[in-house]
Amino acid sequence: MVQIYKAAKGRKPGPVSLAKQLLTIDELDHAGMGVCRSHQPVVFVEGALPGEQVETRIIQKKSRHWQGQAVKVLQSSPERIEAFCPHINQCGGCQNQHIGQTDLLAHKQQAVAQLLSRQSGVSALPWQSPLQGDDRHYRRKARLAVDAQGKGGPSIGFRAKGSEKVVNIRQCAILTPALQSVLTPLLQAVKALKGVRAIGHISLLDADNQLQVCLRVTRDLPAADLAQLRILAEKCKVSLLLETAPERFEYLSGERLSASYQPATGLNLTIGPNDFIQVNSAINQAMVAQALEWLDIAPGEQILDLFCGVGNFSLPLAKAGTKVVGIEGVQAMVTRARDNAQNNGLAVDFRCMDLSDSQALLSLPVKMDKVLLDPARAGALELMPVLHKLKPGAICYVSCNPATFARDIAVLAEKGWRIDKINLMDMFPNTVHTELMALLKPSGAARKA
């Protein structure tokens, strides 16, 4: 899904404080932030673990909570480990390298359980084992920022913590090995271009059928630069594109072949350079397989797939013999999904619809046996009463934001729905991101309502 950020109106935040506090950490929240509840208001501390005493720099003060960063650990947790990335203190990504992923998931699961209990009264959750894979070498898609305005030469890398500043990177251990092999020669070549100031960002994609590098350019590059880029592409065996305007691409090298990936065995989905794709291939395939297993689908069932994108869940559902209606709010993705269905010999009813329009869903001509939804971080609050009225036999909710998930589930819980299964999915190891899947089933009260 496409999200457009708009800054909230009102007073601008005050200046950052440099005050320091000595705090003892009680627990982690669902983002992996340390929580100190003995201080009032509560303080959320990046880089701290339960049981630790940390010297904390307070960086933001709000009426109900403060935010801080651990600057010195005075009493260390036995769970603390050394960070693996040399850019840990500058780069804004992979904030949770100081704890192993199994330990982090256990803390996140506890935090999600507390969140659900507070917001919806749901307790004694039927937790299933988390979906977990390699905590490095997993990211198949990334975007590098470019800043060529500095006096010290171009900077290419990722944004710094809480800043627009671009951090030069030498390596990135979470990229797939194929992308890591391209990274060094790519950085060297782009920094040497005469027209480097025309490059806005660089997108990297390790698709199943190609390595793709796409440069967003604001004006034409010199002929000598284009020649150097073609040499780079040939050397690294990548498909190299220029995005000369939004969604307008020019191939410099490689076959004019759309990138593709497999959400399940035997299915190939094509994607455009700017299309959304789950960055962790192994976890995505495990997630799709788990959704089909939990829904316990049977051939001929009617399945509603909301926020369907290019067909990540819809096509595996259709291949299993179900009749799928896939709904997405972005027309370009619906078009791509229809092409993917046709290319895979499957019949799926893909529709473009405003998913904030609850009445539109109620007008669907077919009763749905089961529903799957995978919304963006904003969740799907408007759809919860609609899903209840549709009276499906089960709802599989895939979430990338525990806070909006808990809010949405509270609506269904009030109407008698219960969580039958739930687990975390480590789609973004070492980061603050927490993804989960839950299967909801109606109780007798929900069926009668």
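The values are calculated or read from the model by the stated rules, or taken from the named source; none is laboratory data. Quick caveat: nothing in here was measured; it's all calculated off a predicted structure. Cβ placement follows ideal geometry from the backbone for every residue including glycine, while neighbour counts extend to all protein chains displayed. Each accessible area value is taken on the protein alone, full model and side chains, heavy atoms only, with ligands, DNA and RNA left out. Shrake-Rupley method; radii C 1.70, N 1.55, O 1.52, S 1.80 Å.
Quick look at the values:
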read-out: Segment 280-423: C-alpha gyration tensor shape, a/c 1.5 cut-off, then a/b vs b/c; value: rounded
read-out: Dipole magnitude of the chain about its Cα centre (Cβ charges: Lys, Arg +1; Asp, Glu -1), debye to nearest 20; value: 1240
read-out: Rounded FRET efficiency, nearest 0.05, which uses the C-beta distance separating Ala83 from Arg256 and R0 of 30 Å; value: 0.15
read-out: Among beta bridges that DSSP assigns inside segment 312-449, antiparallel share in %, nearest 5; value: 60
read-out: Residues of type lysines that Lys235 reaches as a straight line, Cα spacing below 19 Å, ignoring anything fewer than 8 places off in the same chain; value: Lys191
read-out: Whole-number D in µm² s⁻¹ for segment 50-104, Kirkwood Cα-pair radius fed into Stokes-Einstein, 20 °C, 1.002 mPa s; value: 167
read-out: Value of [θ]222 nm, deg cm²/dmol, for the chain, DSSP H segments ≥ 4, -39500 (n - 2.57) each, nearest 500; value: -7500 deg cm²/dmol
read-out: Qualifying trypsin sites (Lys or Arg not before Pro) in segment 236-317, DSSP loop, other Cβ atoms within 10 Å at most 14; value: Lys237, Arg256
read-out: Relative packing of peptides 214-220, 342-348 - highest average C-beta neighbours within 10 Å first; value: 214-220, 342-348
read-out: Cut-off under 5 Å, modelled amide H: who pairs with Arg418 long-range; value: Lys441, Ser443
read-out: Within straight-line cross-link reach of Lys319, lysines at Cα separation under 29 Å, skipping those fewer than 8 residues along the same chain; value: Lys141, Lys367, Lys370, Lys389, Lys391, Lys421, Lys441
read-out: Where segment 46-107 is the region considered: accessible area per residue in Å², 1.4 Å probe; value: 50
read-out: Max mean-square fluctuation residue, GNM over the chain, Cα-Cα springs under 10 Å, options Phe428, Phe44, Phe276; value: Phe276
read-out: Per residue solvent-accessible surface (Å²) - segment 169-298, probe of 1.4 Å; value: 45
read-out: Beta bridge orientation in the chain: antiparallel %, DSSP, nearest 5; value: 65
read-out: For Val324, distant residues with modelled amide H under 5 Å away; value: Ile303, Asp349
read-out: Sulfur and carbon atoms: percent of accessible area, the chain [1.4 Å]; value: 50
read-out: Gaussian network model of the chain, springs between alpha carbon atoms under 10 Å - residue of Val330, Val71, Val411 with greatest fluctuation; value: Val71
read-out: Distance between modelled label sites at Arg418 and Lys367, nm, 7 Å Cα→Cβ extension; value: 2.3
read-out: The chain shape via C-alpha gyration tensor axes, a/c threshold 1.5; value: oblate
read-out: Straight-distance crosslink candidates among lysines, where the alpha carbon sits under 19 Å from Lys161 and sequence neighbours closer than 8 are dropped; value: Lys20, Lys61, Lys72
read-out: Coil-residue GluC sites (Glu not before Pro) of segment 236-275, DSSP, other Cβ within 10 Å capped at 13; value: Glu247, Glu255
read-out: Low-density loop positions, trypsin sites (Lys or Arg not before Pro), segment 29-134 - DSSP coil, at most 13 other Cβ in 10 Å; value: Arg37, Lys62, Arg64
read-out: Among Ser38, Val112, Val288 the positive-end extreme of the charge dipole of the chain (Cβ point charges); value: Ser38
